[in-house]
Amino acid sequence: MLRGYAVSIGQFGRGSFYTVEQFAALPEDNSMRYELDSGYLVASPRPHLNHMIVAGRLCAQLDRQLPNHLLAVQEIDVMLLLDPPIVRIPDLVVLHARAVNRQRLVTAEDVVLAVEVLSPGSLKIDTVVKPLEYADANIPNLWLVDPKPPVTVSTFTLVDGEFEESQRAEHALTTAEPCPLRVDLDSLLPAVFG
């Protein structure tokens, strides 16, 4: 078991196997972040304040620049695979706007960019496990954001089924994928955290 992650117990049942449909039908519980890992519920603590601030400010910057057919959304369940059932919650995704019209989970096909803001308690999940799963699900772009001052972003592009690092940015990020974007990284964290 990885530090910061534990199999859910309590009302959902310890060690129970879930399909994607059963997972989607679970009652809302905002006390933890619940993901589905090969059919088993995995719970992690809610992110720390600086993590949420960085993700929120990044989402706002992206949303202002995206074309109308794309949306930036924080903490949304994304179905990566049906067999075995895997549902992850990236810190932020950019997805096709058409996905909001469907009454089901967002799928990997809807996502053009997944963003993970790194946390000490989930570093291995965020930098090893999720990138492999996102690549297997054909999500074309991945950003790993390190919120420690100065905030940095490593961008990755899917090439032949594997992520290749495109760039590592500090202070400002300019990229053409998934569309032309410029992010002021210095403004993602308030000066009080620096």
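The values are calculated or read from the model by the stated rules, or taken from the named source; none is laboratory data. Not measured: the values here are computed from a predicted model. Every residue, glycine among them, receives a Cβ derived from its backbone with ideal geometry; neighbour counts consider all protein chains shown. Side chains included, ligands, DNA and RNA excluded: accessible areas come from the protein's heavy atoms. Shrake-Rupley method; radii C 1.70, N 1.55, O 1.52, S 1.80 Å.
Label separation (Asp136 vs Asn30): 3.2 nm, computed from points 7 Å beyond Cα along the C-beta direction. For Cα extents along the principal axes in Å, the choices are (i) 56, 37, 24; (ii) 45, 35, 30; (iii) 39, 37, 36; which was calculated from the structure? After the calculation, the listed value that fits is (ii).
The residues packed around Ala169, meaning those with a beta-carbon under 14 Å from its beta-carbon, carry a net charge of -4 if Lys and Arg are +1 and Asp and Glu are -1.
By accessible area, using a 1.4 Å probe on protein heavy atoms only, the chain has 54% of its surface on carbon and sulfur.
Amide H contacts for Leu92 (H built 1.01 Å from N in the peptide plane; partners 5 or more residues away or on another chain; cut-off under 5 Å): Glu75, Val115. Distances between placed amide hydrogens fall under 5 Å for Asp37 paired with Val42, Val87, all partners being 5 or more residues away or on another chain. 3J(HN,Hα) along the range 49-65, derived from phi through the Karplus expression 6.51 cos²θ - 1.76 cosθ + 1.60 where θ = phi - 60°, amounts to 4, 5, 4, 5, 5, 4, 4, x, 5, 5, 4, 5, 5, 5, 4, 5, 9 Hz, with x in place of Gly and Pro. Counted by Cβ distance under 14 Å from Arg98, the other residues give a net charge of 0, where Lys and Arg count +1 and Asp and Glu count -1. Solvent-accessible surface of protein heavy atoms, probed at 1.4 angstrom with all chains present, puts Arg33, Arg182 in the order Arg182, Arg33, largest first. Charges were assigned to the Cβ only: +1 to each Lys and Arg, -1 to each Asp and Glu. The resulting dipole of the chain about its Cα centre is roughly 500 debye. The residues of the range 85-194 have, on average, 45 Å² of accessible surface per residue, using a 1.4 Å probe with all protein chains present.
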